[in-house]
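Enquirer: Take a look at the following structure, please.
The values are calculated or read from the model by the stated rules, or taken from the named source; none is laboratory data. Please read all numbers here as calculations on a predicted model, not as lab measurements. Glycine gets a Cβ as well: all are built from the backbone with ideal geometry, and neighbour counts include every protein chain shown.
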Amino acid sequence: MTDKKASNPLYGMKLEQLLTEISDHYGWELLSDALQINRFQFHTGMKSTAKFLRSNQWAREKVENFYLYQYKNFPYPDDKQLSIPPRDRQIPVDQQAGDPAEITQEVILLIDKAANVRHYEVSKSAEKSKKATSERTDEPPYDPSNPWNK
């Protein structure tokens, strides 16, 4: 457990704490522009925003990626690491957190890339399991001209 804690700054961090750190530094308007999450544009409170992030994995991962690679300024990982959820990634010990990065158009594109790589991996695995499930059924395909299969 201590190895995981030492290798990932997100280990044990609550969403409220993460949101407080990045919102205090960047502000909600800039976070809304950078992350392209409408919920940040109309910030209704820390508790409701954290609840939104808990119920929407894509948004939570986008915020966690932003925290790791913009706010903590760790070097961006390769696509293989990006396909792993941010809280499960291992950050090499020799990489140290830096000062928060400026938000630029290039940064916004990197954030989108990180979100899309992870989304692609998740949807690909969901598609595989759906395909496997459909192959296991012995039920014939539905025929609208014969709804009772007689």
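Enquirer: Restricting the search to the range 81-139, which residues are modelled with pLDDT of 70 or more, of a type outside the set (A, V, I, L, M) and part of a helix (DSSP H, G or I)?
Expert: Selection gives Q81, P86, R87, D88, Q105, E106, D112, K113, N116.
Enquirer: Looking only at the range 41-53, which residues are hydrophobic (A, V, I, L, M, F, W, C) and either more than 15 Å from the chain's Cα centre (by Cα) or not in a helix (DSSP H, G or I) (or both)? It would help to see each step written out before you state the result.
Expert: Just the residues of the range 41-53 that are hydrophobic (A, V, I, L, M, F, W, C), to begin with: 42, 46, 50, 52-53.
Correct list: F42, M46.
Enquirer: Give all pairs with beta carbons closer than 6 Å in which a residue from the range 101-113 that is on the phi > 0 side of the Ramachandran plot meets a residue that is assigned to a loop (DSSP other than H, G, I, E, B); count only pairs at least 6 apart in sequence or on separate chains.
Expert: Cβ pairs passing all conditions: none.
Enquirer: Quick one: in the range 1-27, which of the residues that are modelled with pLDDT under 85 and in a helix (DSSP H, G or I) is surrounded by the most Cβ atoms within 10 Å (Cβ to Cβ)? Full working, then the answer.
Expert: If we filter the range 1-27 for residues that are modelled with pLDDT under 85, which is where we start, we get 1-8.
From what's left, in a helix (DSSP H, G or I): 2-7.
On the way: T2: 7, D3: 9, K4: 12, K5: 11, A6: 12, S7: 14.
Once the filter is applied, the top-ranked residue is S7.
Enquirer: Taking into account only those residues within the range 28-40 that are in contact (Cβ under 8 Å) with a residue 60 or more places away in the chain and part of a helix (DSSP H, G or I), which is nearest to L53 (Cα to Cα)?
Expert: Narrowing the range 28-40 to residues in contact (Cβ under 8 Å) with a residue 60 or more places away in the chain: 30, 33-36.
Remaining after also requiring part of a helix (DSSP H, G or I): 30, 33-35.
Values: L30: 18, D33: 17, A34: 16, L35: 13 Å.
Step by step, filter the range 28-40, then rank; the result is L35.
Enquirer: In addition: Name the residues in the range 58-80 that are loosely packed, with under 15 Cβ neighbours inside 10 Å, part of a helix (DSSP H, G or I) and free of Cβ contacts under 8 Å to residues at least 60 places away in the same chain, would you?
Expert: Hits for the range 58-80 are D79, K80.
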